[in-house]
Each structure stands twice: as C-alpha cells, then as structure tokens.
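The values are calculated or read from the model by the stated rules, or taken from the named source; none is laboratory data. Predicted model, so just to flag it, every value in this text is computed and none were measured. Cβ coordinates were reconstructed from backbone atoms using ideal geometry, including for glycine residues, and neighbour counts include every protein chain displayed. With ligands, DNA and RNA removed, areas are computed over all heavy atoms of the protein, side chains included. Shrake-Rupley method; radii C 1.70, N 1.55, O 1.52, S 1.80 Å.
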Amino acid sequence: MVNESHKLSDAEIIRRVIEGDVNAFEDLLKRYEQHVLNILKKHIPHIQIEETAQEVFFRAYQGLPTVKQTGRFKQWISAVAIRACYDFWRRQYRSREIPMSDLTERHRRWLEDVISDQSDRSFHESRLQKEAFELLDWALGKLSAEDRMAFELVYLEGLSGREAADLLGWSVVNVKVRSHRCRKKIKKLISEFMAA
Amino acid sequence: MKFFKEEHEVLKKILCRAYYEKERVKVSDHWQHGVMRRIRNLEPVESDASFFIRFQQLVWRLTPVVCLLILILATVLFRVEIVPKYGVFQLLLNGEEELSISQFVGL
C-alpha cells in the first residue's frame with residue numbers, strides 16, 4: 001500500500017482526496033513537507049514554522065478542488081506557502097509584535113571587516129556568523145510586509161519579477177517596483193548605519 | 001561611509017547567504033500529525049463536480065413544487081379572459097383614460 005501510494009501521481013492523489021479519501025492527503029503532505037518547510041524557514045521566524053506549516057497544508061487541503069493544473073501541484077503549494085508567510089507578516093505588523101532588534105558597534109566592526117576582505121575565497125570559506133543573520137533580520141524589519149516579501153523573493157532568492165508575482169498573486173509591475181525600491185532603501189539604511 | 005558597487009555586491013552576498021542558511025534550521029516532525037488530525041475532523045472537501053450533483057438533487061427535490069405552481073398558473077389563465085392585443089391597443093388609441101388595471105387584465 002505504501003509503495004502503491006509512492007507511485008501515484010499528484011493528480012491521482014488529489015482526485016482521491018476530493019472523492020473523500022482524506023487519508024490520501026497524507027501522501028501529498030509527506031511528498032511536499034520538506035519543500036514547504038524550506039520556504040517557511042527562509043521567510044518567517046523559527047518559532048512560527050510549525051504552526052505556519054500546519055496552516056499551509058490545511059489551506060492546501062481546503063483548496064484542492066480549485067487546483068486547475070494538478071500536474072503543477074508543487075508550484076501551487078509553493079504559492080500557498082508564500083501567501084501564508086505574507087499573511088503572517090501582515091498580522092505581525094498589524095499587531096506590532098515584531099521585536100525590533102537594533103544593530104550595535106559589534107555589527108559595524110564585523111561588517112567593516114567583511115567588506116574590507118573582499119576576496120570570494122575567504123567569504124565562501126568562512127562560516128556565516130551570527131551578525132549576518134542579525135543584519136538580515138534588522139534590514140527586513142525595516143520593510144513593510146509587502147516590501148519584505150517582494151525583496152526576499154526577487155533580491156535574495158533571485159526569482160524573476162514574473163515568478164515572484166505568480167507566487168504572491170500580484171502584478172509583475174508591483175513586484176518589480178517594490179523590490180527595486182526596497183533594494184535602494186536597504187542599501188541606504190546600511191550606508192547610514194555604517195556612517196553613523 | 002559611502003558604499004561603492006563592489007561593497008554592495010559583498011553586502012548582497014552576505015544577505016543572500018544568511019537568507020539561504022536559514023534552511024538549515026531543524027524543525028520537529030510532530031506538526032504533520034496535527035495537520036492530519038485537523039483535516040480528519042473536517043468534512044470532505046467539495047469539488048465543483050460535487051456542487052453540480054448537489055444542485056441536481058436540489059432541483060429534483062423542488063420538482064413537485066414547480067409542477068404545482070404550473071398547475072395553479074394554468075388554472076388561473078384558463079379562468080381569466082385574455083384580452084386580445086389589438087383590443088388593448090384600440091382602447092389606448094381611443095383615449096379611454098378610465099381604463100382600470102382590472103379591466104385591462106380582463107378580470
């Protein structure tokens with residue numbers, strides 16, 4: 001039975017779930033859990049990952065009848081995950097529950113060291129330090145929920161405007177304008193921090 | 001301190017690497033059970049096809065009511081004297097201003 005479920009295509013599993021075989025959804029969950037977790041890990045705080053992962057698969061289950069191209073389920077569930085992240089940040093910004101950490105002298109010294117040592121070799125060989133994560137969180141914390149998602153997908157993840165727009169369900173122009181604006185804003189913020 | 005293009009590139013590399021390194025975080029695998037428990041407590045999902053099936057069932061359930069309404073309307077129409085269109089037109093042309101609705105319908 002287990003082997004049989006592994007052979008089934010996504011479309012076949014979706015058909016079974018819609019026909020009332022709720023347990024078949026577990027196969028989809030196992031097939032895409034790592035993919036969804038990788039998306040969530042990059043976009044939301046660690047402590048929120050499990051709860052949001054549950055939300056993503058719950059939404060996916062409820063939305064199964066609306067999946068038009070069952071062969072592209074991976075793209076579809078990626079969009080569900082990205083939109084769950086966006087909703088998470090919108091809720092956070094609305095309730096103002098985001099802890100705004102600030103950068104310190106320690107971060108400035110670290111950033112100066114990294115920038116002055118511009119050799120690619122040393123950059124790749126060195127282990128990423130805690131300061132890098134704090135710098136990223138600090139910079140992203142300065143953006144709105146919308147800007148944050150556009151910036152992460154286009155600038156950090158390297159997706160095209162079209163790909164990011166498809167995931168977010170926005171227009172391509174909206175995504176491009178936001179990501180461009182955010183890139184400039186973050187550069188300015190870090191320049192100001194270094195100059196202060 | 002003003003950033004130059006090369007420095008921006010380094011900055012981008014740092015941010016991108018920190019972003020991708022987040023994937024390494026470990027997550028426990030208890031949450032899957034929570035999803036399946038929540039889903040099993042729900043009613044089965046409804047597809048567009050099942051919507052049409054339910055719609056058909058509803059239509060058949062309403063059939064006796066519709067038949068009854070057709071019978072009543074047919075009886076009323078039989079008992080009502082229908083005024084031919086040209087008669088109504090003639091009345092309007094002659095300026096019969098006191099033509100009431102009941103006369104117009106023929107009751």
Rough spin-label spacing in nm, given labels placed 7 Å along Cα→Cβ, for B:H33 and A:K68:
4.0 nm
For peptide A:53-64, what's the mean number of Cβ atoms from other chains within 10 Å of each residue's Cβ?
4
Would you mind counting up the charge near A:F58? Only other residues with Cβ under 15 Å from its Cβ, with Lys and Arg at +1 and Asp and Glu at -1.
-2
What 222 nm value per residue comes from the helices of chain A, counting each DSSP H run with n ≥ 4 as -39,500 (n - 2.57) and dividing by all residues, nearest 500 deg cm²/dmol?
-22500 deg cm²/dmol
Of A:Y32, A:Y61, ordered by accessible area with the largest first and a 1.4 Å probe, the sequence is A:Y32, A:Y61
Per-residue mean of C-beta atoms belonging to partner chains within 10 Å, peptide B:31-41
6
Using heavy-atom solvent-accessible surface (probe 1.4 Å) with all chains present, what is the largest-first order of A:K176, A:K74, A:K42, A:K142?
A:K176, A:K74, A:K142, A:K42
Ignoring ligands, DNA and RNA, how do A:E19, A:E105, B:E7 rank by accessible area with a 1.4 Å probe, largest first?
A:E19, A:E105, B:E7
Return the Rg/Rh value of chain A, two decimal places, where both radii are evaluated on C-alpha atoms and Rh is the Kirkwood radius.
1.05
How crowded by other chains is A:103-111, given as the mean number of beta carbons from other chains within 10 Å of each beta carbon?
1
SASA check, A:I44, accessible area w/ 1.4 Å probe, all protein chains in place, rounded to nearest 10 Å², comes out at 10 Å²
